[in-house]
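Written below as structure tokens is the structure these notes are about.
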Amino acid sequence: MADLERLQTVLEREFRDGCRNDVVEGGLDEFLVRQAQTEPIGSPVLRMVRALPVEGYRSLGADDRRQWIRRAIATVVHERVTTAPTKPRRPASGRWPARGAASRRAAAEAAAGELPPDDVPRRSAPKREARQLLPEGAAALDASIRAAGLRLGPSTFDRLEKLGIKTVGDALRTFPYRHLDFTRSVPVAQLRVGQPQTVRGTLDRVQEVRMGRGGRMRSTEAVLSDETGARVQIVWFNQPFIARQLKPGMEVAVSGNVSAFRGRPSFNNPDYERLGEGQHTGRLIPVYHLTEGLPQRTLRTAIATLVERFADRLEDPLPPSMRARHQLPDLVEATRHIHYPDSAEQVDAARRRLAFDELLAIQLGVVARKRSWQSGGDAPVIEERGTAEAFLATLPYALTGAQRRALDDILGDIGRPMPMARLLEGDVGSGKTVVALAAMLSAVAAGYQATLMAPTEVLAEQHFRTICLLLSGEAAPPLNGLVTLPFLPRPLRIVVLTGSTRSKERRDALDAIAFGGADIVVGTHALIQGGVEFQNLGLSVVDEQHRFGVMQRSALREKGGSPHLLVMTATPIPRSLALTVYGDLDLSVIDELPPGRTPIETHWLPPERRRDAFEHMRHEIEAGRQAFVICPLVEGSDAVLSRAATEEYDRLRLEQFPDLDDRIALLHGRMPAREKDAVMQRFAANEAAILVSTAVVEVGIDVPNATIMVIEGADRFGLAQLHQFRGRVGRGRHPSTCYLLADDPTPEAEERLSLVARTRDGFALAQADLELRGPGDTFGTRQSGLPSLHVASLLDAQLIDATRREAEQVLDSDPRLEAPEHQGLRRLAARVAENVVAEVH
């Protein structure tokens, strides 16, 4: 076994001396090899050494050395703590003090070196050994949470790690998502619906109740009265355990958004705190996200202890001049105040500082990524505006002003040697494909290939048919994909390649792509995988950007050197999100719909009127139309009260429409890809009248004959997602209707559904969705390289703009962040990048 004590001493000296590799004779590499030779295979210390490059520690730069040393020290500390002997030693007197079981336990701990010898009470000083083992300075922040001297059991440490709290630094960066403001409680009689408020009082009644359809949701219901006798009802949905934690007669403070129940104020799922028992009821108390089995009080005490001990060791990544420019507190002060502030003003200042750090790290990443893409090689110069105009002249309609502006942006980009990276954003039916096709034809006319990638095979086949129709005017695809166009000197060949392409056709398509016989290639993201080689790729168009992430974009570059990239999305994206999630892309927006598009009527129906939706569906099907039914779940669940696709499929076949049994299809994400594609093809061919589906149909098929969209459990979807769903209908000449149904919606959910029903503007709904639910996967934050935000808000456009400017200025002067004053920024950006990789994988 390695001499862990000596190894820790050497590593700490190396860290203190600036990581110059001169602490031991011959350098650190020889010392590490000697230590590792005594370690068993698979040991953490051996893995730590093997994590170094082949050339060893000496080959690392200063910042990489510092980062490796910090992690190495944390590994050694953890090993010393976990391998330390735990058997109690008898006191020097040879006898255990006879002071009861609790005293014997404390004395045993004292004998083991875990307590001062005369410290008998259970609530005592932290473990002396663990505190002595922690490295000095900022390196302690990388130490295991288990070595930090907290008096917690193994299962509690396991739950902390489940929350992502594995090191001391993780604990300091686990910020509260809100504070209970006990300094501003109001009498029950002064509660106002729609406002976050706090009340104090006594619990008159607490009981577990069953709610919802079939009584499947176990919840807790309580009644609280204050000193005036006024009472308020409180419900914790799907949280029956609270009924075991709270009892009648207890004094509590309840804090949350005030709802309305039968015309009176009430609380749904509020935070609560038992008063008395030494609680700090006169100040702002932090509230953290939890995991099952971890009480709020335990987490709060642990973090408070670590903040008190270790906050001073935090290294501030922002240069003093940047902090002064934006009037930001230093990191130590901000960290202390975010956890335990004395006033709301301290909370605001701390949040602004920590949000600035998060957003600046993101902007450093996206600006660097954009510059890397643009400097990665010479892109083809495509100056064929005349070809695009000739194609547009063949269309039976003119482009809208928004389409024309977007096309001008794209043609301007591809006419330069710098690789284009542009996001084309437009609502469903706004005409993005026509704009993209005009650009692809320009690339073909200049002698290059173009691709159009879609997230599903069905959508790829649909794009293939649409392109063929736009170019040939014929509904059926031309033989061998060959189209003769008057403005091109030779026939143009369009090839489609998906996972379902048959072997012979696949070989022919791959040969055509590799040897230049294919001018436009339509397919799925398999086009950027192994086995597909392009002869001369000039432009790649990607449909549904939030399904196409950073790593896929890098793979695309490997296929064609430096092709131009145009990504499209039908998800309206607020500007603040575009500057972060898509900050490495230039933005073009098509915010007009072509004239003549059939408007979609949207209705939110309460449970007692759900029959109206299905009677209208029957009428439309009898007229030869088709309908979608969307459900939030695949199968029923006791934990979630909402309609499931499999249950709704059976209900429609057996009860609602028994005469249409063989014309009702089921689609969900658990089905194999080929089976899903077969179902969607069947619906597209009008062989099925009703398609029952989960959210998998959000990005799906174009069925102009579909006129009815029924969304079950609509309260479980986001506003932007509901807007995407209803965009599946209204694509033909017939009037279309979307019905929003929910069995037991909350008042807040009813308001959201009413907003969708009365708003057709996708951008307004997207902004509202961002405000209500955050970015989430609706906007593809994970695939696109945005980490989870702990403090920052993507609604803060002013702070986003400020950090964008700072990132551009820093990278202008120091592109690789090598200057001494930028080392903190480099570590900050690296930590955020690591978090993204961890979340994506």
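Annotations for the structure displayed:
- Any chance Thr394 is within 30 Å of Gly732 (Cα to Cα), among the β-branched types (Val, Ile, Thr) and in contact with a helix residue (DSSP H, G or I) (Cβ under 7 Å, 6 or more places away or on another chain): no
- Every residue from region 456-500 that is surrounded by 13 or more Cβ atoms within 10 Å (Cβ to Cβ) and small (Gly, Ala, Ser): Ala460, Ser472, Gly481, Gly499, Ser500
- Residues in region 326-359 that are free of Cβ contacts under 8 Å to residues at least 40 places away in the same chain and either under 23 Å from Leu795 (Cβ atoms) or of a type in the set (Val, Ile, Thr) (or both): Gln327, Leu328, Pro329, Val332, Ala334, His337, Glu345, Gln346, Asp348, Ala349, Ala350, Arg353.
- Cβ-Cβ distances below 7 Å connect no pair with a first residue in region 237-255 that is free of Cβ contacts under 8 Å to residues at least 40 places away in the same chain and closer than 19 Å to Glu227 by Cα, a second residue that is of a type in the set (Gly, Ala, Ser) and open to solvent by 10 Å² or more (accessible area, probe 1.4 Å), and a separation of six or more residues or different chains.
- Total residues in region 393-431 satisfying the condition of being in a helix (DSSP H, G or I) and either open to solvent by less than 20 Å² (accessible area, probe 1.4 Å) or touching a residue at least 40 places away in the same chain (Cβ under 8 Å) (or both): the figure is 11.
- Region 148-205, subset without any contact (Cβ under 8 Å) to a residue 40 or more places away in the chain and open to solvent by 70 Å² or more (accessible area, probe 1.4 Å), residue farthest from Arg70 (Cα to Cα): Gln190
- Number of residues in region 210-223 that are open to solvent by 30 Å² or more (accessible area, probe 1.4 Å), touching a strand residue (DSSP E or B) at 6+ places or on another chain (Cβ under 8 Å) and either closer than 19 Å to Glu251 by Cα or without any contact (Cβ under 8 Å) to a residue 24 or more places away in the chain (or both): the value is 3.
- Among the conditions (1) under 26 Å from Val703 (Cβ atoms); (2) touching a residue at least 40 places away in the same chain (Cβ under 8 Å); (3) open to solvent by 10 Å² or more (accessible area, probe 1.4 Å), the only one that Trp373 does not satisfy is (1).
- Of all residues in region 769-807, those satisfying the criterion of being open to solvent by 30 Å² or more (accessible area, probe 1.4 Å), in a helix (DSSP H, G or I) and at pLDDT below 80 are Glu771, Leu772, Arg773, Asp777, Ala797.
- Taking each residue of region 711-724 that is more than 15 Å from Leu605 (Cβ to Cβ) and of a type in the set (A, V, I, L, M, F, W, C) and looking for partners that are open to solvent by less than 10 Å² (accessible area, probe 1.4 Å) and part of a loop (DSSP other than H, G, I, E, B) with beta-carbon atoms closer than 8 Å, six or more apart or interchain, yields Ala720/Thr571; Ala720/Pro572.
- Residue in region 707-725 that is part of a helix (DSSP H, G or I), open to solvent by less than 40 Å² (accessible area, probe 1.4 Å) and polar (S, T, N, Q) present: yes
- When region 223-249 is filtered for residues that are in contact with a Lys or Arg (Cβ under 6 Å, 6 or more places away or on another chain) and under 24 Å from Gly293 (Cβ atoms), only Pro240 remains.
- Out of Ala260, Ala302, Ala243, Ala324, sole residue that is of a type outside the set (Val, Ile, Thr), outside any loop (DSSP other than H, G, I, E, B) and within 21 Å of His179 (Cα to Cα): Ala302
- Hits in region 802-828 - residues which are more than 21 Å from the chain's Cα centre (by Cα) and of a type in the set (D, E, K, R): Arg805, Glu806, Glu808, Asp812, Asp814, Arg816, Glu818, Glu821, Arg826, Arg827
- So Ala766, is it at pLDDT 60 or above and surrounded by 18 or more Cβ atoms within 10 Å (Cβ to Cβ): yes
- Per-region count, region 44-72, residues open to solvent by less than 60 Å² (accessible area, probe 1.4 Å), without any contact (Cβ under 8 Å) to a residue 12 or more places away in the chain and closer than 18 Å to Gly824 by Cα: 2
- Out of Leu359, Leu395, Leu407, Leu411, sole residue that is closer than 30 Å to Glu474 by Cα, of a type outside the set (Gly, Ala, Ser) and modelled with pLDDT under 95: Leu395
- Flag for Asp226 being without any contact (Cβ under 8 Å) to a residue 40 or more places away in the chain and under 27 Å from the mean Cα position of the chain (by Cα): no
The values are calculated or read from the model by the stated rules, or taken from the named source; none is laboratory data. Being a predicted model, the structure only gives us computed values, none of them experimental. We place every Cβ from the backbone using ideal geometry, glycine too, and count neighbours over all the protein chains shown. The protein model used for the area step is the full one, side chains on, heavy atoms only, and it has no ligands, DNA or RNA in it. Shrake-Rupley method; radii C 1.70, N 1.55, O 1.52, S 1.80 Å.
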